[in-house]
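These notes are about the structure you will find just below.
The values are calculated or read from the model by the stated rules, or taken from the named source; none is laboratory data. No experiment lies behind these values; they were computed from the predicted model shown. Cβ placement follows ideal geometry from the backbone for every residue including glycine, while neighbour counts extend to all protein chains displayed.
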Amino acid sequence: MKEDNKISFKYEYREYQKRALEEINKYIDDNKIHIVAAPGAGKTILALKLVFDFNQNAIILVPTIAIREQWIERMLNDFTNIDKEMISTDLKNLKKYNVISYQALYEYDKDEIKRIIEINDIHTIVLDEAHHLRNAWWKMLSQIFEELKQVKIISLTATPPYDDEKNFDKYIELCGEIDAQINIPELVKQKNLCPHQDFIYLNAPSKEQEQKINNYRKEAIKIIRWFENNESIIKAIAIHKFIIDYKNNIDDIISNYEIFLIMIKFLKNKNIVIEKYIDEINKKTSPMNISDYEKLFKYLLYNNDSEFKVIENVLKELKKSLTQVGAIDKGNINLLYNKEIENELSENIGKLQSINNIVEHEYKCLKEKLKLVIVTDFIKDDYSNSEENEINQLGVIPIFKNITEKLDSIKVIVLTGTTVIIPTDSVEIFKQICLKNKIKEENIVINEIGLDFKFSKVELNNNSKMVQIITELFESTDVSVLIGTVALIGEGWDAPFVNTLIMASSISTYVTSNQIRGRAIRIDKNNINKEANIWHLVCLEKLGGKYVKGKDFEKIEKRFKAIEGLSLKEDKIMTNINRFEILNRLFFK
């Protein structure tokens, strides 16, 4: 490429981007460049800078069509000497720079993709949102890159799968060690992410749910009592080789040490006399608890320990009893909850009122400036077709109905892959935005809904532009709330004007939690004083008349391991839920 035609960035790089580029240059020799940067850090710009500097044919792999369009927009708007003729989105018709969805790879096998790369002289491949690769596309791409060592790989993510112990090593093997990292506090300090604060909104199970939990635990206790009083079980554990011949089974004991200790505890509870050496260990152990029974049951039922063949029929009876109460889920035993109760707590209907309270509070504070997004796991579209359905679940449509029925002055949009609802008085603006995006009126379908027709369902023949159009509608009108799913707007959705987020989702993983929060904490060029609030919903439990941490709270604890924020008591940044000191007053350990 001639110097006067060189592609270059039109603007000034931010200080942390300059630092990242310097760090990358130190580790470029292995052909694997791995950039970890928070949402809003400009990962796309960094990667494009590298792609254009390499000046080789490149493929940029992205997880969604919306993200694909954002890459193309960045190329055309932020860099000199590049035009549409140099860019392709079709794997069958590659050009100099190609932005392709990961899903497009499904049409081909490994050898075909390898051949496409070789024939088109591709020497640079970008893996955007690289954390996706731990699942669907990791194996195939790993094999291809192993055979094509001359290809440079640029991996980008805001959220490496740190909490996925099973796949993290594979992820690093493909992407390489992290070469440059830009974290959220650094971005806030540099005013490239807005100041923001997380809040936790607590509610409790309904009386019906409390009763269901109590009934379940009563059944679980019955199973435990039956188990600990069964003579065949007691004898089988007492004469197990770990207990009577521990000296000759050291290796097996080390491999199953936790179960070994639980067996000792169990025998201690039954006042069984055991060898002196084991009894010394025995004195250091605590009494059996629910968790111990869960682990012991799982070992007995799924570890195929030949020592317990003699009580095979008894174990079949144990499994039958656990199955009947719903205590077995995918090979795991849970005596405090079953899956149904866990889901009920995550989707506790008290959270619907929590959402309304937050919406009402934020609207009082921000008035017409409020741009609040509610992200949840499911659509629950069955609530759309009846005005008489009792709202007793958490989902996009139940949340929509609950807000619009109880806070009728608040304007709301629903945005999911299958259902889009807008205020009827915004329909004309919606049509104008559609026309601006070259969608003709005959390709727009609008149906008024509800008894008062205040809202309308909208559909487009070209549905690929729906997210873009609804985002513009949300920004440009007096609509205060948008409700969507994690699947559609949890990742890659670009709406920097959003200033409030409610995470009405059971998601707890590092990857998805931070991706969702990234929707709210971007800076807004049209509002330099933007600040963001992020709300997390938690259903507590009651035990002995007192509130305690429960299964739903455990998910939030896990989520906050990945969330950085200011401590409420100390002048420092923390990454766990302990920074919310006030919570400690609510629980009794």
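Show the residue pairs that are 6+ apart or on different chains and have beta-carbon atoms under 9 Å apart, the first residue being within the range 410-424 and in contact (Cβ under 8 Å) with a residue 60 or more places away in the chain, the second being among the acidic types (Asp, Glu).
From the range 410-424, the pairs are ILE410/GLU360; LYS411/ASP425; LYS411/ASP478; THR416/ASP381.
For SER426, state whether it is surrounded by 16 or more Cβ atoms within 10 Å (Cβ to Cβ) and either under 30 Å from ASN462 (Cα atoms) or at pLDDT 90 or above (or both).
yes
Residues checked against (1) under 28 Å from ILE213 (Cβ atoms); (2) modelled with pLDDT under 90; (3) basic (Lys, Arg); (4) outside the structural domain of VAL359 (by TED's automatic domain parsing):
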| position | (1), (2), (3), (4) |
| --- | --- |
| ALA520 | no, no, no, no |
| ASN529 | no, no, no, no |
| ALA532 | no, no, no, no |
| LEU537 | yes, no, no, no |
| LYS546 | yes, yes, yes, no |
| GLY550 | yes, yes, no, no |
| PHE553 | yes, yes, no, no |
| LYS558 | yes, yes, yes, no |
| LEU566 | no, yes, no, no |
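Looking only at the range 193-214, decide whether some residue is part of a loop (DSSP other than H, G, I, E, B), free of Cβ contacts under 8 Å to residues at least 60 places away in the same chain and surrounded by 12 or more Cβ atoms within 10 Å (Cβ to Cβ).
Scanning the range 193-214 turns up no residue that is part of a loop (DSSP other than H, G, I, E, B), free of Cβ contacts under 8 Å to residues at least 60 places away in the same chain and surrounded by 12 or more Cβ atoms within 10 Å (Cβ to Cβ).
Return yes when LYS166 is of a type in the set (Lys, Arg), farther than 28 Å from LYS558 by Cα and outside any strand (DSSP E or B) and no when it is not.
Answer is no for this residue.
Looking at GLU177, GLU173, can you tell me which residue is of a type outside the set (Phe, Trp, Tyr), outside the structural domain of LYS525 (by TED's automatic domain parsing) and not in a loop (DSSP other than H, G, I, E, B)?
Going through GLU177, GLU173 in turn, the sole match is GLU173.
When you check ASP78 against the structure, is it in contact (Cβ under 8 Å) with a residue 60 or more places away in the chain, surrounded by 12 or more Cβ atoms within 10 Å (Cβ to Cβ) and either more than 22 Å from LEU193 (Cβ to Cβ) or in contact with a Lys or Arg (Cβ under 7 Å, 6 or more places away or on another chain) (or both), yes or no?
Spelling it out, ASP78 is indeed in contact (Cβ under 8 Å) with a residue 60 or more places away in the chain, surrounded by 12 or more Cβ atoms within 10 Å (Cβ to Cβ) and either more than 22 Å from LEU193 (Cβ to Cβ) or in contact with a Lys or Arg (Cβ under 7 Å, 6 or more places away or on another chain) (or both).
Take LYS149 and tell me if it is over 30 Å from TYR16 (Cβ atoms) and either exposed (fewer than 13 other Cβ atoms within 10 Å of the Cβ) or touching a Ser or Thr at 6+ places or on another chain (Cβ under 6 Å) (or both).
So LYS149 passes the test.
Specify which of the listed residues (LYS380, LYS367) is assigned by TED's automatic domain parsing to the domain that holds ILE521, among the basic types (Lys, Arg) and modelled with pLDDT under 90.
Result of the check over LYS380, LYS367: LYS380.
Go through the range 405-418 and count every residue that is surrounded by fewer than 20 Cβ atoms within 10 Å (Cβ to Cβ) and β-branched (Val, Ile, Thr).
Summing the residues that are surrounded by fewer than 20 Cβ atoms within 10 Å (Cβ to Cβ) and β-branched (Val, Ile, Thr) in the range 405-418 gives 2.
Take the conditions crowded, with 21+ Cβ neighbours inside 10 Å and not assigned by TED's automatic domain parsing to the domain that holds ARG517 and apply them to PHE52. Does it pass?
Here the answer is yes, as PHE52 does meet what is asked.
Residues being surrounded by 14 or more Cβ atoms within 10 Å (Cβ to Cβ), of a type outside the set (A, V, I, L, M) and assigned to a helix (DSSP H, G or I): count how many of those fall in the range 81-94.
The number of residues fulfilling the criteria is 0.
Got a sec? Which helices (runs of 4 or more DSSP H) wholly within the range 217-259 have at least 1 residues that are of a type in the set (Val, Ile, Thr) and either in contact with a strand residue (DSSP E or B) (Cβ under 9 Å, 6 or more places away or on another chain) or within 30 Å of ASN338 (Cα to Cα) (or both)?
Result: 231-238.
Looking at the range 390-430, which of its residues are among the small types (Gly, Ala, Ser), more than 13 Å from VAL479 (Cα to Cα) and touching a Lys or Arg at 6+ places or on another chain (Cβ under 8 Å)?
Answer for the range 390-430, where residues must be among the small types (Gly, Ala, Ser), more than 13 Å from VAL479 (Cα to Cα) and touching a Lys or Arg at 6+ places or on another chain (Cβ under 8 Å): just GLY395.
I'd like the residue in the range 312-347 that is in contact with a Leu (Cβ under 7 Å, 6 or more places away or on another chain) and farther than 17 Å from ILE290 by Cα and, out of all such residues, is surrounded by the most Cβ atoms within 10 Å (Cβ to Cβ).
This residue is GLU347.
In the range 390-472, which strands (runs of 3 or more DSSP E) lie fully inside it and hold 3 or more residues that are under 22 Å from VAL359 (Cα atoms)?
Where strands (runs of 3 or more DSSP E) fall fully within the range 390-472 and carry at least 3 residues being under 22 Å from VAL359 (Cα atoms), they are 412-415, 420-423.
Residues to consider are TYR108, TYR162, TYR97; find the one that is buried (at least 17 other Cβ atoms within 10 Å of the Cβ) and of a type in the set (Phe, Trp, Tyr).
TYR97
With the checklist (1) at pLDDT 95 or above; (2) not in a strand (DSSP E or B); (3) not small (Gly, Ala, Ser) in hand, flag the one item GLN515 doesn't pass.
For GLN515, the failing item is (1).
Between ILE154, ILE122, which is surrounded by 17 or more Cβ atoms within 10 Å (Cβ to Cβ), modelled with pLDDT of 85 or more and either over 25 Å from ILE45 (Cβ atoms) or out of contact with any helix residue (DSSP H, G or I) (no Cβ under 7 Å at 6 or more places or on another chain) (or both)?
ILE122
Give the residue, chosen from GLY550, GLY545, GLY565, that is of a type outside the set (S, T, N, Q) and either without any contact (Cβ under 8 Å) to a residue 12 or more places away in the chain or out of contact with any strand residue (DSSP E or B) (no Cβ under 6 Å at 6 or more places or on another chain) (or both).
Among GLY550, GLY545, GLY565, only GLY545 is of a type outside the set (S, T, N, Q) and either without any contact (Cβ under 8 Å) to a residue 12 or more places away in the chain or out of contact with any strand residue (DSSP E or B) (no Cβ under 6 Å at 6 or more places or on another chain) (or both).
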